[in-house]
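Enquirer: If you scroll down you'll find the structure; I have some questions about it.
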Amino acid sequence: MLNVEEKIFKHITIEDNAIAAALFGETGENLKRLEKKLGVKLDTRGNMVVVHGEAQRVSVAERLLNELTDLLQKGYGLHPTDIDYAIRAIETDRETHLADIFTDTVYISFKKKIISPKSPAQKRYIDTIRKYDIVFGIGPAGTGKTYLAMAMAVAALSKREVERIILTRPAVEAGEKLGFLPGDLAAKVDPYLRPLYDALHDMIDFERAEKLIERGTIEVAPLAFMRGRTLNDSFVIMDEAQNTTSEQMKMFLTRLGFSSKAVITGDVTQIDLPFAKPSGLVEVQKILQGVEGIGFAYFTEKDVVRHPLVQEVIKAYEGRGRKKEENEAETL
């Protein structure tokens, strides 16, 4: 005989009309998202929500509604996608409190967009950057590693905690393979640096960003341009670090000068180096793990903050990789 969990219902009342309207969302969009994601039924009667479903799911929905209400009462502007992030955050870490994550404002962009962490892993990453001078952010694409580091850098510059921001990444193809392209070296490597410009222009208006770049307050350059330099009073971000060689990683890390901070981001599942070349990002985890003053922050597909399908794509590829490893093990 099947053990079907008993269906229950809970009543949740939101005292403030404006808070209730923001919680429910336009035409009830937020509640529809909750229903779909949690497998419960939500009915509204004025400012009251009635949650129907299995006891465990009702309990999660009740907690989410209460914590989202608390967020709104603290002045947080709730967006429909925040519902997805909130559900994921609570499912990932049952001890987490949404207000501790979502209200940790890293920076407010020129578009008045509040940049804050959206998952427990992103919150730990932000706290690690605050605590340590060298931080490695490692995980799949779309988890906010570079974007949040950029927000931290711009915030540090605006508070005059640093004098400049330096953004860099290895241009794997910047050897002979780019030789046939027109233009000087800067023009040839510019496509590799474009994602860094995109993140920068999302936080600072274009004209101001260009002036800061012209003055050298913000520098965007390929990793090769870091050789022989000492970077003082700087917030340095290296993106796509999985494509550094061991020598490049050592070179970069030894550039850091006084009153500076470095954040190194990368995805060790997307290495574009020649097969015989080990990744500097893979090696550095073994070499520097446990060194005082250096922090590591890790992300998984659960922390993806792009289109929901990106998370599914990452999971599918990871599943394929595991199957391949199992098949290879069986043939040995």
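The values are calculated or read from the model by the stated rules, or taken from the named source; none is laboratory data. On a predicted model such as this, the values are computed, not experimentally measured, just so you know. Here the Cβ positions follow ideal geometry from the backbone for every residue, glycine too, while neighbour counts run over all protein chains shown. Each accessible area value is taken on the protein alone, full model and side chains, heavy atoms only, with ligands, DNA and RNA left out. Shrake-Rupley method; radii C 1.70, N 1.55, O 1.52, S 1.80 Å.
Enquirer: Show me 217-224, 140-147 ranked by packing, highest mean number of other Cβ atoms within 10 Å first.
Expert: Listed from highest to lowest mean packing, they are 140-147, 217-224.
Enquirer: Oh, and also: In the Gaussian network model of the chain, springs joining C-alpha atoms below 10 Å, which of Val263, Val106, Val284 carries the largest mean-square fluctuation?
Expert: Per the Cα network of the chain with a 10 Å cutoff, Val284 tops the list.
Enquirer: Classify the stretch 87-156 as rounded, prolate or oblate, taking a ≥ b ≥ c as the square roots of the eigenvalues of its Cα gyration tensor: rounded when a/c is under 1.5, otherwise prolate if a/b is larger than b/c and oblate if not.
Expert: oblate
Enquirer: Starting from the Cα coordinates of the stretch 30-91, work out the convex hull volume and express it per residue in Å³.
Expert: 80
Enquirer: Per residue, how much accessible area does the chain have with a 1.4 Å probe, in Å²?
Expert: Normalised by residue count, the accessible surface of the chain is 55 Å².
Enquirer: Just check the chain against the gyration tensor rule for me: Cα atoms, a ≥ b ≥ c as the square roots of the eigenvalues, rounded for a/c under 1.5, and otherwise prolate or oblate depending on whether a/b exceeds b/c.
Expert: Prolate is the answer for the chain, as a/c is 1.5 or above and a/b outweighs b/c.
Enquirer: Let me ask another. Calculated from DSSP H runs of 4 or more alone, at -39500 (n - 2.57) each and per residue, what is the 222 nm mean residue ellipticity of the chain, nearest 500?
Expert: Using -39500 (n - 2.57) per qualifying helix, the result is -14000 deg cm²/dmol.
Enquirer: Based on the Cβ-Cβ distance from Lys286 to Leu309, what FRET efficiency comes out when R0 is 30 Å, to the nearest 0.05?
Expert: That gives a FRET efficiency of 0.35.
Enquirer: Got a number for carbon plus sulfur as a percent of the stretch 15-102's accessible area, 1.4 Å probe?
Expert: In the stretch 15-102, the share of accessible area belonging to carbon and sulfur is 46 percent.
Enquirer: A follow-up question, please. Can you tell me how much longer the chain between His79 and His52 gets when fully stretched, taken as 0.36 nm per residue apart minus their C-alpha distance, in nm with one decimal?
Expert: 7.3 nm
Enquirer: Same structure again: Label Glu29 and Glu6 with points 7 Å out from Cα along Cα→Cβ: what is the distance between them in nm?
Expert: Here the modelled spin labels are 3.9 nm apart.
Enquirer: Taking Cα pairs under 8 Å and at least six residues apart, what relative contact order does the chain come out at, in percent?
Expert: So the answer I get is 17 percent.
Enquirer: Between their Cα atoms, which of Lys74/Lys131; Lys37/Lys111; Lys111/Lys159; Lys286/Lys315; Lys123/Lys261 are more than 21 Å away from each other?
Expert: As for pairs spanning more than 21 Å Cα to Cα, those are Lys74/Lys131; Lys37/Lys111; Lys286/Lys315.
Enquirer: Taking only C-alpha pairs under 8 Å that are 6+ residues apart, what is the relative contact order of the stretch 194-290 in percent?
Expert: Once divided by the residue count of the stretch 194-290, the mean separation gives 27 percent.
Enquirer: Suppose the chain between Glu210 and Glu163 were pulled fully straight at 0.36 nm per residue; how much longer would it get relative to their current alpha carbon spacing?
Expert: 15.3 nm
Enquirer: Compute the separation of the alpha-carbon centres of the stretch 84-134 and the stretch 202-272 and state it in Å as a whole number.
Expert: 23
Enquirer: Convert each backbone phi in the stretch 253-262 into a coupling constant with the Karplus relation 6.51 cos²θ - 1.76 cosθ + 1.60 (shift: θ = phi - 60°), then list the ³J(HN,Hα) values in order as whole Hz, x for Gly and Pro.
Expert: For the stretch 253-262, the Karplus-derived couplings read 5, 8, 7, 5, x, 6, 6, 10, 9, 10 Hz, x marking Gly and Pro.
Enquirer: Still on this structure, I have one more. What list of ³J(HN,Hα) values in whole Hz, one per residue of the stretch 110-124 in order, does the Karplus curve 6.51 cos²θ - 1.76 cosθ + 1.60 (θ = phi - 60°) give from phi, with Gly and Pro shown as x?
Expert: Those phi angles translate into 5, 8, 6, 7, 7, 9, 8, x, 10, 8, x, 5, 5, 5, 4 Hz.
Enquirer: On to the next question. With the Cα gyration tensor of the stretch 251-311 giving a ≥ b ≥ c as the square roots of its eigenvalues, does the rule (a/c under 1.5 for rounded; else a/b larger than b/c for prolate; else oblate) give rounded, prolate or oblate?
Expert: Oblate shape, in that a/c is at least 1.5 and b/c is the bigger or equal ratio.
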